[in-house]
Amino acid sequence: MIYLPYAADLLGEAHRVLSRATASPEGVTDRYGRLMAMNAIAIAQREIGQAQDANQRLIDHLHRLTDTPTDRAAPSLHGDEQVTAILAMGKSLKHRIRNGYFDSGERREELVRALSGHARASLAISNPKAVRL
């Protein structure tokens, strides 16, 4: 999953709510509006803080799952380079899944571990309390 666009959307919505609130004499009197803005900002902070590492872990998993050559001596990818790599390797992974490459055995276990780890990392951003359960 690619996280940064979501952070921008959340911050935009929080800004909209708070801007609307400051235009009125009462400010944000709506409890839901305040809580939504606070939650949006908190999620965006986690996304921005964790996106680079989470995307790099996803790229590392995709390298292994797709047998894409990787130069471990090369520096980590950043920003748009990460997005491009994730999209390209994601296509290769979908092709392998459709062709039954991961239907059983160790390959299946590796795929489940990688996808579970990525889902957990995504959940840690959107709802960290759920990961602690």
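The values are calculated or read from the model by the stated rules, or taken from the named source; none is laboratory data. Fair warning: this is a prediction, and the values are worked out from it, not measured in the lab. Note: ideal-geometry Cβ built from the backbone for every residue, glycine included; neighbour counts use all protein chains shown.
Numbers at a glance
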| read-out | value |
| --- | --- |
| Helices (runs of 4 or more DSSP H) fully within region 27-133 counting 2 or more residues that are in contact (Cβ under 8 Å) with a residue 12 or more places away in the chain and within 15 Å of the chain's Cα centre (by Cα) | 31-66, 80-98, 105-126 |
| Criterion violated by residue 79 - all others in (1) on the phi < 0 side of the Ramachandran plot; (2) at pLDDT below 90 satisfied | (1) |
| Search result, residues across region 82-113 that are among the acidic types (Asp, Glu) and surrounded by fewer than 13 Cβ atoms within 10 Å (Cβ to Cβ) | 103, 106, 109 |
| Meets criteria (under 24 Å from residue 9 (Cα atoms) and either at pLDDT below 85 or touching a helix residue (DSSP H, G or I) at 6+ places or on another chain (Cβ under 6 Å) (or both)) for residue 24 | yes |
| Among the candidates 93, 58, 123, 77, residue that is of a type outside the set (D, E, K, R), touching a helix residue (DSSP H, G or I) at 6+ places or on another chain (Cβ under 6 Å) and over 19 Å from residue 7 (Cβ atoms) | 93 |
